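Step one of this worksheet: look at the structure below.
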Amino acid sequence: MIKVKTPKKLIEVALPLDLINEACTKEKSIRFGHPSTLHLWWARRPLAAARAVIFSQMVNDPGFERALGRGVNKEKAKLERQRLFEIIRRLVLWENTSDTALFAEALEEIKKSWRETCELNKGHPQAAEIFNPEIIPGLHDPFAGGGAIPLEAQRLGLDSYASDLNPVAVLINKATIDIPTRFSGRAPVGPLPAGDRQLKMVNDWSGAKGLAIDVRRYGEWIRNEAFRRIGHLYPEADLPKDAGGGKGRVIAWLWARTVKSPNPMYSHVDVPLASTFILSSKPGAEFYIEPKVSKDTYQFHIRKGKTPEHLVNGTKAPGRGANFICLLSGTPISGDYIKAEGTAGRLGARMMAVVVDGGRSRIYLAPTEEAEALAKGARPEWRPSGDVPARLTGGTCVPYGLKEWGDLFTDRQLVALNTFSELVIDVRAQIKKDAISAGMSDDGLSLESGGSAATAYADAVAVYLGMGLSRLTDICNSLCRWENTKTQVRNLFGRQSIPMLWDFAENNVFGDAAGDYAISLSNLTRALDVMPGRGFGEATQQDAQRQTVSMNKVISTDPPYYDNIAYADLSDFFYVWLRRSLRTIYPSVFTTMAVPKDEELVATAYRHGGKDSAEAFFLAGMTDAMGQLAKQTHPAFPATIYYAFKQSDTTDVGTGNTGWETFLEAVLRAGFSITGTWPMRTELSNRMIGMGANALASSIVLVCRPRAADASSISRREFLRELKEELVEALDAMIGGTDGISPVAPVDLAQAVIGPGMAIFSKYSSVLEADGSPMTVHSALTLINRMLTEGVDDFDADTQFCLGWFDEQGWSAGEFGKADVLTRAKGTSVEHVREAGVVESSSGKVRLLKPAEYPADWHPESDNNTPVWEALHQLIRELRASGESDAGRLLAGMPQRAEPIRNLAYRLYTLCERKGWAEDARAYNELIGSWTSIESASHQAGHFGSQTKLDI
């Protein structure tokens, strides 16, 4: 086998993790113009993370490598890394997404590293093929999903390849990296809307700007034509005199599902299942629904003011579950009864209120018989078939009779969506005609066959119009709720489930508000506006277990997460509408009636006959997929693989979970070795320690290279010795920070340390236990975690006792005898620890003092018996009481203890996190989070024993 000379990449040595995580957190609040608004996809990676990871896996680390005869000395390498980190700092900022000069600078760095690598391998027999300095390898993501990774590869100037088994994901990637590049730089061809003066002076049609304008123009035509056909189903409402009279534009109709009353006296009446009667809970603008009962009938009335307590929960019965109370008789309505009625097809709906746009505020009107009859009189010609998933994490509506996709929409919604869908198909002929009139040639080739002229352009515009319709379905279905705090309709997929909803909001698709076709399409085109639209991009439908696209390409990918999200099941919601609109444009993508599910790599127990079978399926399939990558990945680059760490089981023996261990097992079986792990915050910031003890980094990026074919095996004893040696240095770098970069946060340390630990474990063909059997991934992770828990720090004897006592007792008191035995084992005594001021000892009990119990007038300069334990908890007390500056002044009095204090904080955070002591863990995490500022304040105050100024 030919030896390839592979310089270490930046991602294998150091990353500005804090900068990347901060950018990821901020990016989650971006809505307008973000590629995620092109079309919904579950569990997208932030662009900031994808961009930073790709850049750092393409760029060589500057450090010296004797075996390759390259790189610079330690000090120069540190400065050079800082320069590369500065590029990353600018790259990850959302506001720099369209900075072409910055991305040109980044590409030049990639080219420079690539030329160096090619020079090192110019004697390789395949140098002309795989080490051509003029051709940078393309990047492939075999689990492309929402397309963040392929898009950012393209933005960085690489040829980008995306593949996925899921046709919805394939379409999203085509719309992201393929179509925009094919029609980049073209002016729009659609006629300027009457009275619209936009773009008359515009000459910049770079990227996909012209394409985006045409999607808007033809989308406006579709909306107007749809209104001409079905506008009568969406009439304005008559306003009362106190609201000014006249007509008002309806924003939404609010409905409650109904069942026949179980009370025999009222069994002929459909009674409402309403979870609340609140319309608006905005302070000063509160409104609610008041039901009025008369014999065996009832009406809904609108009232202004705070909702009376008995109406807050609607007709919902107290407690959990789908249990309600009959509005007419007070008879309980059980969940089982509702399920039986739903399954029999007897669920109905009753309109409760009409929400009208009042300019600066909402106007709430009682429903009329005419309004309800009009809505129920709609007659759709087509209903999407296919089964709604009967099981979903987070809930499903199937047990209540909403079994097929068509059941999730009202008849009026189906008529509207059918109309928009038909018009997407119809408008293509007009687009093609306009394109030819604007001077575009026509070779007759369709978009799928590779065309880039008039026919293909008409197909391209229609693709986005069809995606706009698909986006609309998320907020145009009968599982959308009315959010009374913000007084607006909220979409179905706030999470990855299809739960039952009892009272729902039906939006006006011509309402010029959320849920309007034009508004939905406008959000899509804002994302299209800023697509790079340059270079090469290709998206194909491929099974990751069998694809060959990865050959000699750089790999970065975000695979499915064990049993976390059933992408295929959820995707059918959109697929049925996309297929109806776009099947003639992409026949190869929409060949099946539903999204392929049997090969989807998720461990769904109900699909594979049980938990064990599902795990075996996932392991085998993921091993095959990773094996393809290990065999095909370009030899000069590591692969980067994301894993969402959301299902952690945190115990005293370590941090792990079935999905994570199974995934690692698949990666290693496939022939990869792990050279690094980077914890990244790819979700909202509320997933932090404040949410509980199980607050971990939301994703880990694994950095992998194919394991050497001649890798040897080692014994457990040898593994442990090497592990201890390597982790001392690795933990030092993580806790102390690397090359001026902030240290890894305590909340992330357990994940980060897996990298150097697994790097040792995975570089060998096997680690052999005493009985000769190979060590499992679970055992290896346990040993790595134990090394972190036990630590390698040499604390003073009193602190060693406090560590052991805290592990056993926490803050509660324990028997003196046990404490006496432990202090003697640590080389101290209970009396000595008491004199140090860290424990209370009385009545045969010993208890550690909490930070708040330490004296506020303490001065380390005058204390001759200061364990690191005391110093740490005095700092925590001062930080919480007075802030970072005063904590810094305290640290200035004991500068020699700074590093042990910080190391102890990490140790204690890890211990608390594993025991589930969330509040205690928070204190140590807060100290580390403020450490840079505290140290800076200590330097400003002047360290004890140093000369801070000269008296003249």
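Identify, by number, the condition in (1) under 27 Å from VAL355 (Cα atoms); (2) assigned to a helix (DSSP H, G or I); (3) more than 39 Å from the chain's Cα centre (by Cα) that GLY245 doesn't meet. All conditions are met except number (2). From the list GLY827, GLY817, which one is at positive phi and surrounded by fewer than 16 Cβ atoms within 10 Å (Cβ to Cβ)? None of the others qualify; the one that does is GLY827.
Those helices (runs of 4 or more DSSP H) of the stretch 68-134 in which 2 or more residues are charged (D, E, K, R) and modelled with pLDDT under 95 occupy 74-91. For the stretch 318-357, which positions are basic (Lys, Arg) and in a strand (DSSP E or B)? Hit for the stretch 318-357 is ARG350, nothing else. Within the stretch 358-371, at least one residue is in a helix (DSSP H, G or I), at pLDDT 95 or above and among the small types (Gly, Ala, Ser). Among the residues of the stretch 229-268, those that are surrounded by 18 or more Cβ atoms within 10 Å (Cβ to Cβ), closer than 16 Å to THR297 by Cα and of a type in the set (A, V, I, L, M) comprise ALA256, VAL259. When only residues in the stretch 569-609 that are part of a helix (DSSP H, G or I) and of a type in the set (A, V, I, L, M, F, W, C) count, which is nearest to VAL424 (Cα to Cα)? Across the stretch 569-609, the extreme among qualifying residues is LEU582.
Is one or more of the residues making up the stretch 256-267 modelled with pLDDT of 95 or more, within 37 Å of the chain's Cα centre (by Cα) and of a type in the set (Gly, Ala, Ser)? Among the residues of the stretch 256-267, at least one is modelled with pLDDT of 95 or more, within 37 Å of the chain's Cα centre (by Cα) and of a type in the set (Gly, Ala, Ser), which makes the answer yes. Would you check if there is a residue in the stretch 394-407 being surrounded by fewer than 16 Cβ atoms within 10 Å (Cβ to Cβ), at pLDDT 95 or above and part of a loop (DSSP other than H, G, I, E, B)? Taking every residue of the stretch 394-407 in turn, none turns out to be surrounded by fewer than 16 Cβ atoms within 10 Å (Cβ to Cβ), at pLDDT 95 or above and part of a loop (DSSP other than H, G, I, E, B).
Would a scan of the stretch 477-485 turn up a residue that is free of Cβ contacts under 8 Å to residues at least 60 places away in the same chain, under 21 Å from ARG350 (Cβ atoms), assigned to a loop (DSSP other than H, G, I, E, B) and not hydroxyl-bearing (Ser, Thr, Tyr)? Scanning the stretch 477-485, I find at least one residue that is free of Cβ contacts under 8 Å to residues at least 60 places away in the same chain, under 21 Å from ARG350 (Cβ atoms), assigned to a loop (DSSP other than H, G, I, E, B) and not hydroxyl-bearing (Ser, Thr, Tyr), so the answer is yes. Is it the case that ALA43 is outside the structural domain of ARG681 (by TED's automatic domain parsing), part of a helix (DSSP H, G or I) and either crowded, with 19+ Cβ neighbours inside 10 Å or not small (Gly, Ala, Ser) (or both)? No: the conditions fail for ALA43. Within the stretch 160-183, restricting attention to residues that are part of a helix (DSSP H, G or I) and hydroxyl-bearing (Ser, Thr, Tyr), which residue is surrounded by the most Cβ atoms within 10 Å (Cβ to Cβ)? Among those that are part of a helix (DSSP H, G or I) and hydroxyl-bearing (Ser, Thr, Tyr), it is THR176. Name the pairs whose Cβ atoms lie under 6 Å apart, with the first residue in the stretch 226-242 and under 22 Å from LEU417 (Cβ atoms) and assigned by TED's automatic domain parsing to the domain that holds PRO367, the second assigned to a helix (DSSP H, G or I) and of a type in the set (Asp, Glu), and 6 or more positions between them or separate chains? Final answer for the pair search is none. Within the stretch 835-846, the set of residues being in contact with a strand residue (DSSP E or B) (Cβ under 6 Å, 6 or more places away or on another chain) and either surrounded by fewer than 15 Cβ atoms within 10 Å (Cβ to Cβ) or farther than 15 Å from ASP796 by Cβ (or both) comprises GLU840, VAL846. Evaluating ASN96 against the criteria (1) in contact with a Lys or Arg (Cβ under 8 Å, 6 or more places away or on another chain); (2) closer than 22 Å to PRO638 by Cβ leaves one unmet condition, (2).
Looking across the stretch 925-952, not a single residue is surrounded by fewer than 17 Cβ atoms within 10 Å (Cβ to Cβ), at pLDDT 85 or above and not in a helix (DSSP H, G or I).
Of the numbered criteria (1) under 26 Å from ARG182 (Cβ atoms); (2) outside any helix (DSSP H, G or I), the one ARG383 fails is (1). Looking only at the stretch 132-157, residues that are closer than 17 Å to HIS634 by Cα, surrounded by fewer than 24 Cβ atoms within 10 Å (Cβ to Cβ) and in contact (Cβ under 8 Å) with a residue 24 or more places away in the chain come to 3 in all. Apart from one condition, ILE555 fits all of (1) farther than 25 Å from ARG182 by Cβ; (2) buried (at least 22 other Cβ atoms within 10 Å of the Cβ); (3) modelled with pLDDT of 90 or more; (4) of a type outside the set (Lys, Arg); the exception is (1).
For the stretch 276-318, a residue qualifies if it is small (Gly, Ala, Ser), farther than 24 Å from TYR266 by Cα and crowded, with 16+ Cβ neighbours inside 10 Å, and the qualifying residues are SER280, SER281. When GLN496 is tested against (1) out of contact with any Lys or Arg (no Cβ under 6 Å at 6 or more places or on another chain); (2) buried (at least 18 other Cβ atoms within 10 Å of the Cβ); (3) closer than 29 Å to ARG44 by Cα, just one condition goes unmet, and that condition is (2).
The values are calculated or read from the model by the stated rules, or taken from the named source; none is laboratory data. Predicted model only: the values in this text are computed from it and were never measured. With ideal geometry, Cβ positions are generated from the backbone for all residues, glycine too; neighbour counts draw on all protein chains shown.
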